[in-house]
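Read the figures in this text as sums done on the coordinates, not as results from a lab. Keep in mind that this is a model prediction, so the values were computed, not measured. Ideal geometry is used to build each Cβ from the backbone, glycine not excepted, and the neighbour counts take in all protein chains shown.
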Amino acid sequence: MFLLNRFLREVAINGVRVKVVSSLDEINFYLKKYNGKANLYTTVFPATKANGNNKLDYNTVIIDKMFFDIDIIEPDEVINDIKKLHEWAEQNSYYHSINFSGRGFHFFIYVKPYDKPDKKTVLLNAQSDIIEELNLSKNVDRTVVGDISREVRLLGSINLKSGLYVIPIKIDEIDKARDLAKNWRALTQEFLYGKKLYDISGYSNGASFHSLPSVNYSFDDPEIKEFQKQVYIDPDTAIERLKEIPCLKQVLENDNAGWYERTFLLIFLKENGFTEAEANEILHHFISPEKWQKSRCTRSHAQMIYSRSYALPSCDTLFMRGICPLTDCKSCPFYNNLSLKVVNKKLQKI
């Protein structure tokens, strides 16, 4: 997906909307079952009600982001368009992120949730104003503007037209996105820019790009806190990827993993760019509910590891402690090179 874990949403397979889903688990079911076999999509905006099993009630849609679909029609202008959007959002400290879609780019600017009856008009005005003021090229798909029922490719899915993954990227990775998308990559907070949510409510009163007031923000703002709670990695997908390394697989399949096993996993996650919040989410996801509830040490383990400096154990140490499941740890393709980068080079699919 993108960055917000809000529901209800619709899931579409090859353009046909097949199910209204209410959780990440349901999203992941389709991702695991059909990835590489079909093109997978989900609706951009969440809603609070459904009109059936496979259709949302669009009157209840919540506008929580602006979505810009950037196709490669004029290749020389693509990078320029993305940089214009990024620089404007950065100058104003607005939360934003970029995905490579397997062929083009998806640019998201996150906004204060808006659900008033004129939401479609407000979204259309806000997107149109930005496109006009930044003088974006025809690479930016105008059919997306104001579309509150729009769908987008699932993050982590494979675009069958190109055979490439839909991945998050940084602004300096635009020109090498195709090479990066040959492999799956984890969604981490390093791909999220900004500090505050854009307020589009002014567009209901005919505001323009230049007349919108500056928005003060505080990290204690309830809306900012709620947004930050919604920033996530997909723990199921991350865990499946991590299991490609034998020693991690042994840890992740033990829902009663002890202190040393958890410490090894957390150090690995820290060294491979996962944030403390993401590491804690992965830990919470595979540890048994009983252990998680009863063990304060388990619940605070990520905080402890991320607050100190620890060295990753060697493969020989892991073998001696029984964490490496192989009879000869030197036969492992990851021997003394425990890295998600190595996993991504060796494997083509989750």
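Positive-end ranking of Phe264, Asn54, Cys247 along the dipole of the chain, with charges on Cβ about the Cα centre, is headed by Cys247.
Peptide packing: for 306-315, 96-105, the average count of neighbouring Cβ atoms within 10 Å per residue gives the ranking 96-105, 306-315, highest mean first. Based on the reciprocal of the average 1/r between different C-alpha atoms, the Kirkwood radius for the chain equals 21.7 Å.
Each peptide in 170-181, 189-200 was scored by the mean count of other Cβ atoms within 10 Å over its residues; highest first, the order is 189-200, 170-181.
Only Lys, Arg, Asp and Glu carry charge here, each on its Cβ (+1 for the first two, -1 for the last two); on that basis the stretch 9-230 has a dipole of about 980 debye about its Cα centre.
Ordering Leu4, Ser309, Gly146 by Cα displacement along the dipole of the chain toward the positive end leaves Ser309 in first place; charges were set at the Cβ atoms of Lys, Arg (+1) and Asp, Glu (-1). In the chain, what percentage of the DSSP-assigned beta bridges are antiparallel, given to the nearest 5? Just about 90 percent of them are antiparallel. Could you tell me which of rounded, prolate or oblate describes the stretch 235-346, using a ≥ b ≥ c as the square roots of the eigenvalues of the alpha-carbon gyration tensor, with rounded for a/c under 1.5 and, failing that, prolate when a/b is larger than b/c and oblate otherwise? Taking the square roots of the gyration eigenvalues as a ≥ b ≥ c, the stretch 235-346 is prolate. Most tightly packed first, judged by the mean number of other beta-carbon atoms within 10 Å of their residues, the peptides 31-42, 280-291, 15-26 read 31-42, 280-291, 15-26. Over the chain, DSSP H runs of length four or greater, each weighted -39,500 (n - 2.57), average out per residue to a 222 nm ellipticity of -10000 deg cm²/dmol.
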